[in-house]
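Colleague: Handing you this structure, nothing more for now.
The values are calculated or read from the model by the stated rules, or taken from the named source; none is laboratory data. What you see is a predicted model, and the numbers here were worked out from it, not measured in a lab. All Cβ positions, glycine included, derive from the backbone under ideal geometry; neighbour counts span all protein chains shown. Protein only, heavy atoms only, side chains kept; ligands, DNA and RNA dropped before computing areas. Shrake-Rupley method; radii C 1.70, N 1.55, O 1.52, S 1.80 Å.
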Amino acid sequence: MAMRKKKLPIGIENFEEIRKEDFYYIDKTGLIAELLYNWGAVNLFTRPRRFGKTLNMSMLEHFFSLNGDKRIFDGLEISKEVALIKEYMGKYPVISVSLKGIDARNYELAFQMAVQILKRVPAKVQYLLESGALSEEDKAEYRKLLDDNMSEAVFCNSLRVLSELLEKHHGRKVILLVDEYDVPLAKAHENGYYDEMVSLIRRFLGGTLKTNNSLKLAVLTGCLRIAKESIFTGLNNLKVMTVADERFDEYFGFTDKEVKGLLEYYDVMDHYDAIKKWYDGYQFGNVEVYCPWDVLNHCDRIRSDPYVQPENYWINTSSNDAVRRFIEKSANAATKREIERLLAGESITKEIRQELTYAEVYQTIDNIWSLLFTTGYLTQRGRAEGRKMRLAIPNLEIRDIFETQIMEFFQENVREDGEMLNRFCDALQNEDTENVEKIFMEYLRKTISIRDTAVRTDMKENFYHGILLGILGVKNRWSISSNREMGEGYADILAEPDSGDMGIIIEVKYAHDGNLDRACKEALKQIEYTKYEDDLEDDGVEKVLKYGIACYKKRCRVMLAENR
């Protein structure tokens, strides 16, 4: 009988649970050793979402913390570091807080949420109330930290007070972990109370991290490295490890070797190429990594259906706002061409500002390039030269997000070109192939085209198909159907003008070799062969026009079938 395989830890961010409940774990405990050998008093890791930041923080918490079962580290990388284990493992009170949940429409609500999240931290150490090492004044200070109505002043000093009390009680300095420190800032920026939130977080972190003698070590994580002056003012001991850093580069995300190991363990190695194309391609420092969230989700899907195709697991987990804003700013021709080059798998050299405040993020197109880089929608290729970096779309999954956003943007903006597109529809009705071709080409020049060599022909056809549907959508009284089963096959697009006596059938072909004439004739042959018009004739439609449209990059050819 085959051995039962370990479970896949989808969305499980508690290290102890992964280790005790027999989940498959990719060993990242080397992070602990590297952190302790390369000592920084305050360490900030910035990585895109879904790269295992929270799980790594949970691992640190379980390693240092005074309580908990330390056998969960047996057999892992860190267990070889005997001296470190002796000195650090299980030796520290740990304060661990995640700011991920602070998301509200206005500042008052956000502050109340922050208080609720923060209160849970002191609530875990109520033994302090019984402590012989604390004075009555200390205990009174501690009680304030449990109060629902704490003031901003108490809130901002809470972690410093708590760390001092813990040190007094245990006689040991404290380890502080703050996960997703910048989520409240991102939400505040979206909802228009950014200045108040920056001020709160600055005082909260400043009060905790500056000259706090009770701290042994602090680790923070986030998506963006917020400019020092706006948050970390006066913190001289801050060590920042971004996606561009070679330090700690392999501890967030899965390496190629780790993914191969995972696929071999589950006997699904035949999916390796697809997984690599879809989810690999991020370069952190000098290491190429896969997005762990996707690899685990897809691996889980494969186990229930061995023929499953890769899909986009990112799209629902983050707002993709950055990509959207980027495309909106693509009205300028240069940016449009750059997006096309990215989609074609090329790289673009840009100067990257790693330190941005959320307020600046969308101010200039250059800042958006930097944002796309730090949030994982673009990644670096090769080595940076100073601030200049070669940027590329990491993989097919992120490319899919770009394409989806481009199509959505295109569909929303189709209305602006109403006059031109109405001419297109009239030309279709009037059998005026010359104008159909001219207007369609004019339009293709305006949109961002997707001309990637790596993409299958049918996906390219989908792109032009989508654009045609978008254009026909300007006629809201026409009936438009796409890929409807008809006759003996599928019609690409069927448009029935509101007069009710005409049907227009359009077949789109992508001329992968650039030979538009030949592709156009193929399209017409396909229409002829599938006898699409039988259905229309049954409905009493008198006139059926059949168009073959061939596309190649930004060129197209349009032909009308002879009526029998």
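Colleague: What number of residues within segment 218-234 satisfy the criterion of being touching a Leu at 6+ places or on another chain (Cβ under 6 Å) and outside any strand (DSSP E or B)?
Modeller: Of segment 218-234, the ones touching a Leu at 6+ places or on another chain (Cβ under 6 Å) are 218-220, 232.
After this cut, where a residue has to be outside any strand (DSSP E or B) as well, the list is 232.
So the answer is 1.
Colleague: Only one of Arg451, Arg445 is open to solvent by 50 Å² or more (accessible area, probe 1.4 Å), part of a helix (DSSP H, G or I), modelled with pLDDT under 85 and not aliphatic (A, V, I, L, M); which? Talk me through it step by step, then tell me what you get.
Modeller: On the way: Arg451 fails: part of a helix (DSSP H, G or I).
From the options Arg451, Arg445, the qualifying one is Arg445.
Colleague: Consider Phe63 carefully, then state whether it is crowded, with 21+ Cβ neighbours inside 10 Å and not in a helix (DSSP H, G or I). Quick ask: steps written out before the conclusion?
Modeller: Numbers: crowded, with 21+ Cβ neighbours inside 10 Å: yes; not in a helix (DSSP H, G or I): no.
Taking the combined requirement at face value, the residue does not satisfy it.
Colleague: Moving on. Quick check on segment 119-166: of everything there that is among the polar types (S, T, N, Q) and in a helix (DSSP H, G or I), which residue is surrounded by the fewest Cβ atoms within 10 Å (Cβ to Cβ)? Let's see the steps before the verdict.
Modeller: Keep residues of segment 119-166 that are among the polar types (S, T, N, Q), which gives 126, 131, 135, 149, 151, 157-158, 163.
Now restrict to residues that are in a helix (DSSP H, G or I): 126, 157-158, 163.
Working: Gln126: 10, Asn157: 20, Ser158: 24, Ser163: 23.
Checked segment 119-166; the qualifying residue surrounded by the fewest Cβ atoms within 10 Å (Cβ to Cβ) is Gln126.
Colleague: Hey, another quick one. Taking segment 542-560 as the search range and keeping residues that are free of Cβ contacts under 8 Å to residues at least 60 places away in the same chain and open to solvent by 10 Å² or more (accessible area, probe 1.4 Å), which one is nearest to Arg518 (Cα to Cα)?
Modeller: As a first pass, look at segment 542-560 and keep what is free of Cβ contacts under 8 Å to residues at least 60 places away in the same chain: 542-544, 546, 548, 550, 552.
In the following step, the residues that additionally are open to solvent by 10 Å² or more (accessible area, probe 1.4 Å) were identified as 542-544, 552.
Values: Glu542: 29, Lys543: 26, Val544: 23, Tyr552: 12 Å.
That would be Tyr552.
Table: residues versus (1) surrounded by fewer than 18 Cβ atoms within 10 Å (Cβ to Cβ); (2) within 30 Å of Val198 (Cβ to Cβ); (3) without any contact (Cβ under 8 Å) to a residue 24 or more places away in the chain; (4) among the aliphatic types (A, V, I, L, M).
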| residue | (1), (2), (3), (4) |
| --- | --- |
| Arg337 | yes, no, yes, no |
| Arg353 | no, yes, no, no |
| Thr357 | no, yes, no, no |
| Val361 | no, yes, no, yes |
| Asn367 | yes, yes, yes, no |
| Tyr377 | no, yes, no, no |
| Leu391 | no, yes, no, yes |
| Asn395 | no, no, no, no |
| Ile398 | no, yes, no, yes |
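Colleague: Sticking with this structure for a sec: Among the residues of segment 78-118, what is the count of those that are in a helix (DSSP H, G or I) and charged (D, E, K, R)? Write out each step before concluding.
Modeller: In the first step, residues of segment 78-118 are kept if they are in a helix (DSSP H, G or I); the result is 78-80, 82-88, 107-118.
Among the residues that remain, those that are also charged (D, E, K, R) are: 80, 86-87, 108.
So the count comes out to 4.
Colleague: If you don't mind, another one. Taking the condition of being of a type in the set (D, E, K, R) and in contact with a Gly (Cβ under 9 Å, 6 or more places away or on another chain), how many residues in segment 347-380 meet it?
Modeller: Number of matching residues: 1.
Colleague: Consider Glu346 carefully, then state whether it is free of Cβ contacts under 8 Å to residues at least 40 places away in the same chain and either touching a Ser or Thr at 6+ places or on another chain (Cβ under 7 Å) or farther than 27 Å from Arg202 by Cβ (or both).
Modeller: Numbers: free of Cβ contacts under 8 Å to residues at least 40 places away in the same chain: no; either touching a Ser or Thr at 6+ places or on another chain (Cβ under 7 Å) or farther than 27 Å from Arg202 by Cβ (or both): yes.
So Glu346 fails the test.
Colleague: Determine if segment 208-217 includes at least one residue that is free of Cβ contacts under 8 Å to residues at least 60 places away in the same chain, part of a helix (DSSP H, G or I) and open to solvent by less than 30 Å² (accessible area, probe 1.4 Å). Please lay out each step first, then the result.
Modeller: Residues of segment 208-217 free of Cβ contacts under 8 Å to residues at least 60 places away in the same chain: 208, 210-214.
Among the residues that remain, those that are also part of a helix (DSSP H, G or I) are: 208.
Checking which are open to solvent by less than 30 Å² (accessible area, probe 1.4 Å) leaves us with 208.
Taking every residue of segment 208-217 in turn, at least one turns out to be free of Cβ contacts under 8 Å to residues at least 60 places away in the same chain, part of a helix (DSSP H, G or I) and open to solvent by less than 30 Å² (accessible area, probe 1.4 Å).
Colleague: Go through segment 14-33 and count every residue that is assigned to a loop (DSSP other than H, G, I, E, B), modelled with pLDDT of 95 or more and closer than 19 Å to Val259 by Cα.
Modeller: Within segment 14-33, residues that are assigned to a loop (DSSP other than H, G, I, E, B), modelled with pLDDT of 95 or more and closer than 19 Å to Val259 by Cα number 6.
Colleague: When you scan segment 277-293, do you find a residue that is farther than 30 Å from Asp182 by Cα, open to solvent by less than 50 Å² (accessible area, probe 1.4 Å), out of contact with any His (no Cβ under 7 Å at 6 or more places or on another chain) and not aromatic (Phe, Trp, Tyr), even just one? Give the steps one after another, and end with the answer.
Modeller: Let us first name the residues in segment 277-293 that are farther than 30 Å from Asp182 by Cα, namely 277.
Now drop any that are not open to solvent by less than 50 Å² (accessible area, probe 1.4 Å), which leaves none.
Taking every residue of segment 277-293 in turn, none turns out to be farther than 30 Å from Asp182 by Cα, open to solvent by less than 50 Å² (accessible area, probe 1.4 Å), out of contact with any His (no Cβ under 7 Å at 6 or more places or on another chain) and not aromatic (Phe, Trp, Tyr).
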